[in-house]
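Enquirer: Can you keep this structure in mind? I'll have questions shortly.
Only the coordinates and a few stated rules stand behind these numbers; no lab work does. On a predicted model such as this, the values are computed, not experimentally measured, just so you know. With ideal geometry, Cβ positions are generated from the backbone for all residues, glycine too; neighbour counts draw on all protein chains shown.
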Amino acid sequence: MSIQTWAGIRLVLATLAASVVWNMAGHAQAPNQALRFPTSCDPSVAGDFDRAIELLHSFEYPESERVFRAIVERAPTCAMARWGVAMNLWHPLWELPSAATLAEGAALLQDIDTAELTAREAGYIDALRRFYTNVDDEPHTVRARAYSERMASVYRDNLDDPEAAVFYALSLLATADPRDKTYVNQFRSAGLLNWVAEGQPEHPGVLHYLIHSYDYPGMAHLALPAATIYAEAAPDSAHAQHMPSHIFTQLGLWDRSIASNFDSTASAAAYTQRANLPGHYDEGLHSIDYLMYALLQAARDAEAAELLAHLRGIGKANVDNFKVAFTYASAPARFALERRDWAGASRLELLPAEFPWPQFEWARSIHHFARGIGAARGGDLERAREERDVIAAIAAGLDETALPYWREEVSVHIDAVGAWIAFGRGETTEALRLARAAADREDAVDKHPVTPGEVLPARELYADLLLLTGDAGSALDQYQTVLAGSPNRTNALLGAARAAAALDDAETAARYYAKVVGQTSAGDPARDGLAEARAFIGDRR
């Protein structure tokens, strides 16, 4: 049985399992109402509370927190508003909370007497309180899973509360193992969300978390309906404008991804001004990286250059966090590497200089990876070796709390740069060994949502090496593997076309070249490979 066939069967079985689990939960019918989060608080704050929940479901944390804090000021006895503030402090799909954040969350929940609340409210607070306790004795993953288990109880005890199902679904995504390729948690989450969607098809949390549930190769099409309506259904939100592009990126729908992220960057700029933030809203930088990726796949290089200049002009974000670090490192690297500007990649400068890079060493690795690949592919092996050594030092010094994806990517960078150094020295066997090891290691861990895709996929680099060493058949296989996980990647399409042409398979080459021509029709005609693709297609007409 082929891998593709087994993957399809597994997808069907997992989807059916999610449906069975949901039906066994005892739901006779879905709710039929707008988003409501009833509380025992003063009725005068009900509308603001629901609005804050909507914002929370769209990860508009600064604005949601502001609304919840305003409720606390107006209604000091509203314990659930303090729960809402604490919910905003933990960003479960993004990053680990700091010690200061954990202390603040614990303080918010510490003095709440749950005996004075409804059983449902007490369940929400007890679940979150569990996450914010034992922080010195238990790692984050243990506390996050404990929270999820308690939210499972809240959900089971309140089957008439769709919000319990939605928050439980989010907790399942937050505790999913990035190495688990059966996606058990993701399918369980989707089962919960799809039930809520029966009665609330435009619920912002449902749409948002469905996108995250299916934000994986071979599954993204399942979230396309949610992606097409989420931005309209959600409150005014830079993240909601951006989020559909996760699915558009997974499916290689570059024009739609560009439109989505263009809207998001505009929304973030407007919010920066409206909220009088001390720097550019970090959600805008997150969208810039996705926009950069999509523009480069469409070969819209002049627009990508303008976007990079805009990023450099921003100077400072409102917070120095992992999204900002990633974009500062990845966007310039993408701009050079996707255009095969090896000299430009080798000379990249890490900007802005005042950013606290020592707090985000895994992101700095991206910068040195780009410089190393650029130098090696440009023939400067000594500089490439220096960059590889910097990455190795970063790997050795990574904090043990670093997420698996970041830790693995740094190791991938070491082997990928090492492979091209070995190739430059004529050590072909070692080059291919290192390149394949990097590709296999990268593929074993699902990417973090912060990135639309690896800055330069290790398997694509492996395929490039195979093609250069004359093994066109193996190169074609590897390019096709890249395209199976990242449809319509322009350089993978070009590589596959070139490999097929080297095998005298003109039909397959023409098919890949035609895709390149089709998706870069508005692109820079001088981009590497585009004239070649047009000429090949023209010769066959």
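Enquirer: With r as the distance between the Cβ atoms of ASP389 and ALA302 and R0 = 22 Å, compute the FRET efficiency 1/(1 + (r/R0)^6) and round to 0.05.
Expert: 0.05
Enquirer: Any chance you could give the angle, 0 to 90 degrees and rounded to 10, that helix 381-397 forms with the longest Cα principal axis of the chain?
Expert: Around 20 degrees separate the two axes.
Enquirer: Using only Cα atoms, tell me the angle between helix 79-89 and the longest principal axis of the chain; keep it within 0 to 90° and round to the nearest 10.
Expert: Around 10 degrees separate the two axes.
Enquirer: Next up: Between ALA269 and LEU398, what length comes free when the chain is fully extended (0.36 nm per residue of separation minus the Cα-Cα distance, one decimal in nm)?
Expert: Numbers: separation 129, 0.36 × 129 = 46.44 nm, distance 3.33 nm.
The span from ALA269 to LEU398 would gain 43.1 nm if fully extended.
Enquirer: I would also like to ask the following. What percent do you get for the relative contact order of the chain when only Cα pairs under 8 Å and 6+ apart count? Write down the numbers at each step before the final one.
Expert: Working: 831 pairs, mean separation 52.1, N = 541.
The normalised contact order for the chain reaches 10 percent.
Enquirer: What are the ³J(HN,Hα) couplings of the stretch 509-514, residue after residue, when phi is run through the Karplus curve with 6.51, -1.76, 1.60 and θ = phi - 60°? Round to Hz, x for glycine and proline.
Expert: 4, 5, 5, 6, 4, 5
Enquirer: With label points built 7 Å along Cα→Cβ from the Cα atoms of ARG312 and GLU430, find their separation and express it in nm.
Expert: 3.7 nm
Enquirer: Run the quick spin-label model on GLU198 and THR114: label points 7 Å from Cα toward the beta carbon, then report their separation in nm to one decimal.
Expert: For GLU198 paired with THR114, the spin-label model returns 3.0 nm.
Enquirer: Same structure, new question: How large is the translational diffusion coefficient of the chain in µm² per second when you combine the Kirkwood radius over alpha carbon pairs with Stokes-Einstein at 37 °C and 0.692 mPa s?
Expert: Values: Rh = 24.5 Å.
So the translational diffusion coefficient is about 134 µm²/s.
Enquirer: Is the stretch 3-235 rounded, prolate or oblate when judged by the Cα gyration tensor, a ≥ b ≥ c being the square roots of its eigenvalues, rounded requiring a/c under 1.5 and prolate requiring a/b larger than b/c? Write down the numbers at each step before the final one.
Expert: Numbers: a/c = 1.78, a/b = 1.44, b/c = 1.23.
Prolate, because a/c is 1.5 or more and a/b exceeds b/c.
Enquirer: Under 5 Å between amide H atoms, partner at least 5 residues away or on a different chain: which partners does HIS280 have, H built in plane at 1.01 Å?
Expert: LYS316, ALA317, ASN318
Enquirer: Also, quick follow-up: Along the stretch 68-75, what does the Karplus equation 6.51 cos²θ - 1.76 cosθ + 1.60 (θ = phi - 60°) give for ³J(HN,Hα), rounded to whole Hz, x for Gly and Pro?
Expert: Result, rounded to whole Hz: 4, 5, 5, 5, 4, 5, 6, 9.
Enquirer: Mind checking the full-extension length gain between THR77 and LEU351? Use 0.36 nm per residue of separation minus the Cα-Cα distance, one decimal, nm. Let's see the in-between values first.
Expert: Working: separation 274, 0.36 × 274 = 98.64 nm, distance 4.64 nm.
Taking 0.36 nm per residue and subtracting the Cα distance, the gain is 94.0 nm.
Enquirer: Another question about this same structure. How many percent of the alpha carbon pairs in the stretch 345-390 exceed a separation of 16 Å?
Expert: Roughly 35 percent, rounded to a whole number.
Enquirer: I've got another one for you. Any idea what diffusion coefficient the stretch 190-278 gets from Stokes-Einstein, in µm²/s, Kirkwood Rh on alpha carbon pairs, 10 °C, 1.306 mPa s?
Expert: Taking Rh from Cα pairs, D becomes 119 µm²/s.
Enquirer: Any idea how far apart GLU149 and GLU507 come out in nm if each label point goes 7 Å out from Cα toward Cβ?
Expert: Between GLU149 and GLU507, the label points sit 5.7 nm apart.
Enquirer: Ranked highest first by the average count of other Cβ atoms within 10 Å around their residues, in what order do 422-430, 172-180 fall? Display every interim value, and only then the final one.
Expert: Numbers: 422-430: 14.8, 172-180: 16.7.
With the highest mean Cβ count within 10 Å placed first, the list reads 172-180, 422-430.
Enquirer: Also, I was wondering about something else. What FRET efficiency, computed as 1/(1 + (r/R0)^6) with R0 = 22 Å and r the Cβ-Cβ distance, is obtained for ALA70 and GLU104, rounded to the nearest 0.05?
Expert: Values: r = 17 Å, r/R0 = 0.79.
Taking R0 as 22 Å, the efficiency between ALA70 and GLU104 is 0.80.
Enquirer: Grab the Cα-Cα distance for LEU277 and ASP477, subtract it from 0.36 nm times how many residues apart they are, and report the gain in nm with one decimal.
Expert: Numbers: separation 200, 0.36 × 200 = 72.00 nm, distance 4.89 nm.
Full-extension gain reported as 67.1 nm.
Enquirer: Angle, helix 140-157 long axis vs. longest principal axis of the chain, Cα atoms, 0 to 90°, nearest 10?
Expert: It works out to around 50 degrees.
Enquirer: Rounded, prolate or oblate: which one fits the stretch 423-541, using the alpha carbon gyration tensor with axes a ≥ b ≥ c (rounded when a/c is under 1.5, else prolate when a/b beats b/c, else oblate)? If you can, show how the numbers build up before the last one.
Expert: Numbers: a/c = 2.07, a/b = 1.33, b/c = 1.56.
The shape class here is oblate.
Enquirer: If you count, for each residue, the other Cβ atoms within 10 Å and average over each peptide, how do 386-395, 206-215 line up from highest to lowest? Walk me through the intermediate numbers first.
Expert: Details: 386-395: 19.2, 206-215: 26.3.
So the peptides 386-395, 206-215, ranked by packing, come out 206-215, 386-395.
Enquirer: For the stretch 340-451, what class follows from the C-alpha gyration tensor (a ≥ b ≥ c being the square roots of its eigenvalues): rounded when a/c is under 1.5, otherwise prolate if a/b is larger than b/c, else oblate? Can you show the working numbers first?
Expert: Working: a/c = 1.94, a/b = 1.23, b/c = 1.58.
Note, shape of the stretch 340-451 comes out oblate.
Enquirer: How much mean residue ellipticity at 222 nm does the chain get from its helices, if each DSSP H run of length 4 or more adds -39500 (n - 2.57) and you divide by all residues, to the nearest 500 deg cm²/dmol? If you can, show how the numbers build up before the last one.
Expert: Details: 27 runs with 369 residues, N = 541.
Theoretical 222 nm ellipticity from helices: -22000 deg cm²/dmol.
Enquirer: Using the Karplus curve 6.51 cos²θ - 1.76 cosθ + 1.60 with θ = phi - 60°, work out ³J(HN,Hα) for each residue of the stretch 308-316 in order, rounded to whole Hz, and write x for Gly and Pro.
Expert: 3J(HN,Hα) across the stretch 308-316, in whole Hz: 5, 5, 4, 4, 5, x, 5, x, 8.
Enquirer: Give a quick list of GluC sites (Glu not before Pro) in the stretch 453-519 that DSSP marks as loop, anything other than H, G, I, E or B, with at most 10 other Cβ atoms within 10 Å. Intermediate results must be reported in sequence, preceding the final value.
Expert: Values: sites: GLU454, GLU460, GLU507; in loops: GLU454.
Of the GluC sites (Glu not before Pro), not one in the loops of the stretch 453-519 has a Cβ with at most 10 other Cβ atoms within 10 Å.
Enquirer: Which lysines, if any, have their Cα less than 18 Å from the Cα of LYS447, not counting same-chain residues under 8 positions apart?
Expert: LYS181, LYS323
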